[in-house]
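Okay, so here's the structure we're looking at.
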Amino acid sequence: MGSSIAWHLKRDPKFDGRVVVIERDPTYARASSALSASSIRQQFSTPLNIHLSRYGIGFLRRTQELLDVDLGLKEPGYLFLASPAGEAVLRANHAIQKGEGCAVELLEPAALVQRFPAMSAAGVALASHGTANEGWFDGPALMQAFRRKARELGAEYVADEVVGLSPDAVSLRSGGQIEARAIVIAAGPWSGEVAALADIALPVEPRRRSVFVFDCRETLPPLPLTIDPSGVWFRPEGRFYLGGTTPADGNDPPAAPLEVQHQEWDDLVWPVLAERVPAFEAAKVVRSWAGYYEYNTFDQNGIVGRHPEHESLLFATGFSGHGIQQSPAVGRAVAELIVHGSYRTLDLLPFSYERISACRPIRELNVV
């Protein structure tokens, strides 16, 4: 998010300021973007999320031209599976998506198996398949490309840590201070901690997620990114597959150590995979990693725009697992807000901070 904002600012011909990106960890070893499964979808329940990701897919298709990078974008779609208990929600989400012009289709169990013969329809009442504009890409490469191109345009990257924050300046651990007309809090999972330096309550915290890379003995026909009714997800990745799930209730504390929860594979992920795709019964984990969601505990949607009392402070955080796919659109929107005083491309006002203080959540039902 920070590098996307920096790149968009430096590209705007009406911007004549200095851009400084303060990065506590320039290796990005713990950055969510570097540890993301890096997927993009249109199947949300919130129209604004659909608009953000629709802009994102268009941008990703042009990264060779815009950022001089090939992200290996693949678009086999997303497949959401619903149990009988979840069928009504899936149909309601589908209606919203169709109303927004998304390329999605509903599949009854027999049609699901016919379309994806490697898959079992056990326990599935209905499926929603995105037939276009959904897939996955090289997220770390996007992050590095934004950073590289922003620096080429003159953005400065400072390896330091913000230890003090006011509406017009930041204090650094090294002892320096930087004054600014606009300060954007885009610190990913740690955005809540940074905002607290200015006594701002921002409901964003790190939530650990484990990703497992596994092998399958059989060669299977192409599969989309699939979300089981249990919450377990999987998708192809080269000759392997990626998979994971939301931690069990009571095992999702904030800021847990970035250590893979191997028991999740044994207890939660593999049993579901083996039932959903019988060939996965012989699946073998070949590697794994853990990363943080920048989890918005208020409503699992992004928090974007100005602070209502301190207009020089802005937010771009809290995307709860779908930030990397929305980084092109949010980067452009925040740059427009800084340079022009208002949104020009997409109106992100519904995601403003005011909804938190007013207790008006925008619930995203399709959180993966």
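The values are calculated or read from the model by the stated rules, or taken from the named source; none is laboratory data. All values reported here derive from a predicted model rather than from experimental measurement. Don't worry about glycine lacking a Cβ; one is built from the backbone with ideal geometry, like all the others, and counts go over all protein chains shown. Accessible surface areas use protein heavy atoms only, side chains included; no ligands, DNA or RNA. Shrake-Rupley method; radii C 1.70, N 1.55, O 1.52, S 1.80 Å.
Criterion applied to Leu73, Leu107, Leu67, Leu79 was being crowded, with 18+ Cβ neighbours inside 10 Å, at negative phi and either within 19 Å of the chain's Cα centre (by Cα) or among the basic types (Lys, Arg) (or both), and the one residue passing it is Leu79. Residue count for the stretch 82-104 satisfying the condition of being more than 21 Å from the chain's Cα centre (by Cα), hydrophobic (A, V, I, L, M, F, W, C) and open to solvent by 40 Å² or more (accessible area, probe 1.4 Å): 5. At least 2 residues being under 19 Å from the mean Cα position of the chain (by Cα) and aliphatic (A, V, I, L, M) is the threshold, and among the strands (runs of 3 or more DSSP E) wholly inside the stretch 219-298 those reaching it are 225-227. Candidates Gly331, Gly318, Gly302: the one that is more than 15 Å from Ile50 (Cα to Cα), under 12 Å from the mean Cα position of the chain (by Cα) and either open to solvent by less than 30 Å² (accessible area, probe 1.4 Å) or among the aromatic types (Phe, Trp, Tyr) (or both) is Gly318. Filtered by the rule that a residue be without any contact (Cβ under 8 Å) to a residue 12 or more places away in the chain and within 30 Å of Val69 (Cα to Cα), the stretch 149-198 gives Arg151, Glu152. Would you confirm, using the coordinates I've provided, whether Leu142 is outside any strand (DSSP E or B), open to solvent by less than 30 Å² (accessible area, probe 1.4 Å) and either of a type in the set (Val, Ile, Thr) or touching a residue at least 40 places away in the same chain (Cβ under 8 Å) (or both)? Yes, satisfied.
Condition check for Glu218 on (1) loosely packed, with under 13 Cβ neighbours inside 10 Å; (2) at negative phi; (3) out of contact with any helix residue (DSSP H, G or I) (no Cβ under 7 Å at 6 or more places or on another chain); (4) not polar (S, T, N, Q): one failure, at (3).
Rundown of residues vs (1) within 16 Å of Trp7 (Cβ to Cβ); (2) at pLDDT 95 or above; (3) of a type outside the set (S, T, N, Q), yes/no style:
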site: Gln300; (1), (2), (3): no, no, no
site: Phe315; (1), (2), (3): no, yes, yes
site: Ile324; (1), (2), (3): yes, yes, yes
site: Ala329; (1), (2), (3): yes, yes, yes
site: Leu337; (1), (2), (3): yes, yes, yes
site: Tyr343; (1), (2), (3): no, yes, yes
site: Leu346; (1), (2), (3): no, yes, yes
site: Phe351; (1), (2), (3): no, yes, yes
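The residues of the stretch 239-294 that are aromatic (Phe, Trp, Tyr) and either open to solvent by 40 Å² or more (accessible area, probe 1.4 Å) or free of Cβ contacts under 8 Å to residues at least 60 places away in the same chain (or both), listed by number, are Phe240, Tyr241, Trp265, Trp270, Trp289, Tyr293. Within the stretch 161-203, the only residue that satisfies the criterion of being at positive phi and either touching a Lys or Arg at 6+ places or on another chain (Cβ under 7 Å) or not in a loop (DSSP other than H, G, I, E, B) (or both) is Gly188.
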